[in-house]
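Remarks on the structure that follows.
The values are calculated or read from the model by the stated rules, or taken from the named source; none is laboratory data. If you're wondering where the values come from, they're calculated on a predicted model, not measured in any experiment. All Cβ positions, even for glycine, are placed from backbone atoms using ideal geometry, and neighbour counts span all protein chains on display.
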Amino acid sequence: MNTSKFIKILRETLGEQCSIKEDKDSYGNHSIWMKLKVKESINVVANSIKSFKGRCIVATAYKNRDGSHTIIYHFDINGTILNVEIKTNDNMFFSITPIIPSANWAEREIREMYGVEPIGHPNTDRLFLDYSIAKGVLNEFIPLSKLQRGVSKTDIMWKKVEEDINNG
Amino acid sequence: MGKTIKIGPFHPELEESVYFKLVADKNSIVQEVEIVNGFIHRGMESLVTNRNFMQNLILTERVCSLCSNNHPFTFVMAVEKIANIKVPSRAEALRVVADEIKRAASNLFNLAMLSHLTHSYELMKDTLETREYLQDLKETIWGNRMDMSVNLFTGVKYDLDAKKVVHILEKLNLAIPKIKELQKRFENDEIIKQRCVGVGILPTEKALEIGVTGPVARGSGINNDVRVKAPYSLYALRPELQPRTKPRNGCDVLSRAMARFDDIIEAVRIIKDLLSDLPRGKTYLEKRPHIPEGEAVVRTEAPRGELIYYLKTDGSQKPIRMRWKVPTYTNWEALKVMILGDKVENVTIILNSIDPCISCTER
């Protein structure tokens, strides 16, 4: 892939809104690390990736000490990995699934594990966790003792047990 | 009004727990499909941030049994990238030998499951018997039939002497004619053709849009094999070892099965080439290297496709964040394309054709 052409286009479009770093591993594989100052700019990056026939491999999220969340998208453009980092302070970010469908599961997983909402995502269903488990479970540390008593914030399970008891 | 059919979460034709809710018309053609996941979710990504790197090496071996070599392989590569460690060539070669043995055995298992689903039990028996050559090898060389526990930070835990090399080559020479014969039988078996040709179609443009990888992509005419597109380990240092497989264009269940056969044959070729010229030297550098602050993204080609690890460290003994994505994670979405418009009776065969690894996907 012609990475210099891709980077040039993004620099021209985003200007000071992004910082770009390039690295090469010991096997000679090139990767790009990009930080976006404004989270809305992810749409511009996604459109560029689409025009270069790239795909979203996955996205990583983690909670920072100040309560904000960092989201890193990992894209592939013909063998080159592009990591794009955004930060969100208000538990929401703009979904790129309508532009790059391969980001579908990654964004849904961020929603249920961290409680960060991908605005405009076409699928609102849960991915892995049951509806009785509150969104954002990876934001919390749950000790084993608490886990054994149940982490559910709803009483759906207890109601089912109660129903069975009442029905004999 | 269509007929609602539920398959799973526990079913004799499902390898792992998945739940399909299908709506079919009067001709049993699937009109709607809903797939419910999450039965094997264990919160492993949270667990790894509460364990040190050595403990996580053991944990990654246990994400799932069929991929129990790829996870630690990719994880150690991520750690080595952050610590700027260059692994000795002999260790790289030994990693690749173990990985390719695992790839061949994993793909043969999936093909055996395909013959099971088509009720071709003679073929299933022969496929599993051929796989036994590789299982025996794993047991003899690494001491275990599934978890080979090969990887170590900066190298590997095992070594091969001349006697073991001869033993591996002897076993592979016995397996090769059987694998080639099986390939012909799968390609020409009437029942397999009847059940697999034109079934579970994934058009190339849809495969590109969803971002599928591995034999699923190769069955739809796309070759995004990481060993070729972004070579790592010995595939980068010795390009002649890179697989020479060509994608298949049928876009159906049989094409994906044949792509797996291509992978198996290439895996055996890679092991034989490597063992004929095994680099000399150390098998590891140090057992407990210091892991500084940093972040890395590393990927490898697992039997089912691209496996990627993201690792962020702060110089302490535990990772800040560790994230991995397995091939089934993206290949799963393709199921909806493959199943819609196909017959209800083909659903489990189509599911098997992506070789789903639910334990890995849900973590």
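The table below lists the values:
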item	result
Count - residues of region B:178-189 that are within 23 Å of the chain's Cα centre (by Cα) and either outside any helix (DSSP H, G or I) or not basic (K, R) (or both)	6
Where a residue in region A:151-168 is within 19 Å of A:G136 (Cα to Cα) and among the aromatic types (F, W, Y) and its partner, wherever it lies, is outside any helix (DSSP H, G or I) and at pLDDT 80 or above, with Cβ under 8 Å and at least six apart	none
Members of region B:313-325 that are within 12 Å of another protein chain (Cβ to nearest Cβ), surrounded by fewer than 21 Cβ atoms within 10 Å (Cβ to Cβ) and not β-branched (V, I, T)	B:D314, B:R321
Identity of the residue in region B:253-296, part of a helix (DSSP H, G or I) and of a type in the set (V, I, T), that ends up farthest from B:G214 (Cα to Cα)	B:I271
Top-ranked residue of region B:200-228 - restricted to ones that are more than 19 Å from B:A98 (Cα to Cα) and in contact with a strand residue (DSSP E or B) (Cβ under 8 Å, 6 or more places away or on another chain), ranked as farthest from the other protein chains (Cβ to nearest Cβ)	B:P215
Matching option when the condition is more than 8 Å from every other protein chain (Cβ to nearest Cβ) and β-branched (V, I, T), among A:I81, A:I86, A:I72	A:I86
Whichever residue in region B:52-66 is in a loop (DSSP other than H, G, I, E, B) and touching a helix residue (DSSP H, G or I) at 6+ places or on another chain (Cβ under 6 Å) and, among such residues, is nearest to B:L152 (Cα to Cα)	B:E61
Matching entry among B:L128, B:L160, B:L172, B:L111 (being free of Cβ contacts under 8 Å to residues at least 24 places away in the same chain and either part of a loop (DSSP other than H, G, I, E, B) or surrounded by 17 or more Cβ atoms within 10 Å (Cβ to Cβ) (or both))	B:L128
Residue that is surrounded by the most Cβ atoms within 10 Å (Cβ to Cβ), among those in region A:1-36 that are closer than 22 Å to A:P98 by Cα and without any contact (Cβ under 8 Å) to a residue 40 or more places away in the chain	A:L10
Every residue from region B:131-157 that is without any contact (Cβ under 8 Å) to a residue 12 or more places away in the chain and part of a helix (DSSP H, G or I)	B:E132, B:E139
